[in-house]
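Chemist: Got a structure for you, questions after.
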Amino acid sequence: MVPKQRKPIPHAFVLDAISTLSPYTRPMFGCLAIYVKDKIVLILRDKLENTADNGVWLATTQEHHQSLRREFPNMRSIQVLSKPVTGWQVLPVDAPDFESTALRACELVLAGDARIGKIPGARTSKPQSKADGRSPKQIKTSKKHGSAINFDTVRKIGLTLPGVEESTAYGSPALKVRGKLLACVPTHRSAEPGSIVVRVGLDDRAELLAAAHDVYYVTDHYLNYTAVLVRLSRVTPDVLRDLLGMAHKFVTARRRR
C-alpha cells in the first residue's frame, strides 16, 4: 500500500519566519490556518481556483485596515465572499513585493501587534460606527434590512436563479434546483433560530467561516454536509444574492458531473 503523500505547505517560509512562537496549523480544506496560542493569525492559500485570493491572509478587522495598508500598499479584501470590504485581508501572491510584505507581516506577528490575530468564535460588540467592520452604506443597509430578512427574502432572491423552485426539506421550506437542495430552513435543533442552510462546497465553506465567523457557522450535525449555516440577521440582500449564486453554481456543477 502506497502511503498518501502530504500536500506541500503553501508559502512555507512564513511558518519558518515565526517558528520561535511555536505556531501550530490546521488545514482548512485546501488552505492552512496558522495559530499562535489561542489566536488565528494568518492563513496560507495556494489553490487552483479563485487564484486572486492566493497568498497570505491577515486575521484583522476593518478598524485596522488603514494603518496596515500604510505598511502593505497591495493589501486588499478577499474576493471569494463577493463583498467590497472584508475583515480578513490578503497579501496577494502575484504582487511584486509579496515575499517582503509577507515577511513584514511575520515581524508584526512576532512583535505581538494587536492588529493581527483573532480568537476563533469570539463575538465582538457592534458599535454604531465604522469600527464594526462595515462601511456606513453597509451599516445603513443592515439597519434597514437586517431584522426583516427571513426565508421569504431567500425565496424571492432564489427564485430569480435558473431552474430554482419552491419545495420542502424534512417538512421545512426549501429551494431546490431540479430536485437538488439549494437552501432551506434548518430542522436540526443545533441550528440557531433565524438561520438558513445553504449548499456550498467544503472549500468555499472553509473560507466563509474563516472570513466572517459571525455570519457563517457550522455545527457538528452539519459538519459532513456540503453546506453552511447563515445567520440571516447578519446579512444584507446583496450578500444573500451572492451567496445563493455561489450555491446555485455549486449545485448545478455537481449535477453535470
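Only the coordinates and a few stated rules stand behind these numbers; no lab work does. Predicted model, so just to flag it, every value in this text is computed and none were measured. Cβ: placed from backbone, ideal geometry, glycine included. Neighbour counts: every protein chain shown.
Chemist: If neighbour count is taken as other Cβ atoms inside 10 Å, put 231, 70, 115 in order from fewest to most.
Modeler: Working: 231 19, 70 8, 115 15.
Listed from fewest to most nearby Cβ atoms, that is 70, 115, 231.
Chemist: Can you give the extra length, in nm with one decimal, that the chain gains between residue 52 and residue 100 once fully stretched, where that is 0.36 nm per residue apart less the Cα-Cα distance?
Modeler: On the way: separation 48, 0.36 × 48 = 17.28 nm, distance 1.86 nm.
In short, 15.4 nm is gained.
Chemist: May I ask which of 156/249; 83/180; 39/83; 156/180 have a Cα-Cα span longer than 21 Å here?
Modeler: Details: 156/249 18 Å; 83/180 27 Å; 39/83 24 Å; 156/180 18 Å.
Cα-Cα > 21 Å for 83/180; 39/83; rest within.
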